[in-house]
1. Only one of (1) exposed (fewer than 15 other Cβ atoms within 10 Å of the Cβ); (2) part of a helix (DSSP H, G or I); (3) among the small types (Gly, Ala, Ser) is not met by GLY127, so which one is it?
2. I'd like the residue in region 10-68 that is part of a loop (DSSP other than H, G, I, E, B), among the polar types (S, T, N, Q) and under 22 Å from ILE80 (Cβ atoms) and, out of all such residues, is modelled with the highest pLDDT.
3. Six or more apart or on different chains, Cβ under 7 Å: which pairs go from a residue in region 53-76 that's at negative phi and in contact (Cβ under 8 Å) with a residue 24 or more places away in the chain to one that's among the acidic types (Asp, Glu) and surrounded by 13 or more Cβ atoms within 10 Å (Cβ to Cβ)? Could you list them?
Amino acid sequence: GDAHLKNYGVLETKQGDYILSPAYDLINTSLHTDDTAMALDEGLFRDGCTTESFEANGFYAYDDFYEFGLKIGLMKSRVIKILNRFKANRESVQSLTDRSFLNGEMKEAYMNSYQNKLKALNYSMVGRI
């Protein structure tokens, strides 16, 4: 994946807390190469540990990102709020893909990739959602 840390930034809000800036310079590298699901060498967690969900399913799902949020010190309610934003199907993804310079085959592959990731993010092995 192209979602390595240098493609993310943080913004300070008027309240003095920090939020992720809008994403930029991100491409779906899996369309062009046989790429891994994560840009991070050791996966989602720096120490290489995995969740029960990942071990059982072999893909990152809601539970993995939930655990990651807690591990980096976010409050449970904040983790849930953030994940809920990403779990929603965005019509804009289809619209932007349709207007992109990708050919028809690549547009279809992109949308399939998006739908698969969305499906995974809407799956919780332990019933959190």
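1. Every listed condition holds for GLY127 apart from (2).
2. Here is the first cut: in region 10-68, the residues part of a loop (DSSP other than H, G, I, E, B) are 13-17, 21-28, 32-51, 58-61.
Adding the requirement that they be among the polar types (S, T, N, Q) leaves 13, 15, 21, 28, 33, 36, 50-51.
If we keep only those that are under 22 Å from ILE80 (Cβ atoms) too, we end up with 13, 15, 21, 50-51.
Values: THR13: 91, GLN15: 95, SER21: 82, THR50: 83, THR51: 88.
Residue satisfying both the conditions and the ranking: GLN15.
3. Matching pairs, first to second residue: SER53/ASP63; SER53/ASP64.
The values are calculated or read from the model by the stated rules, or taken from the named source; none is laboratory data. Not measured: the values here are computed from a predicted model. Virtual Cβ from ideal backbone geometry, glycine too; neighbours counted across all protein chains shown.
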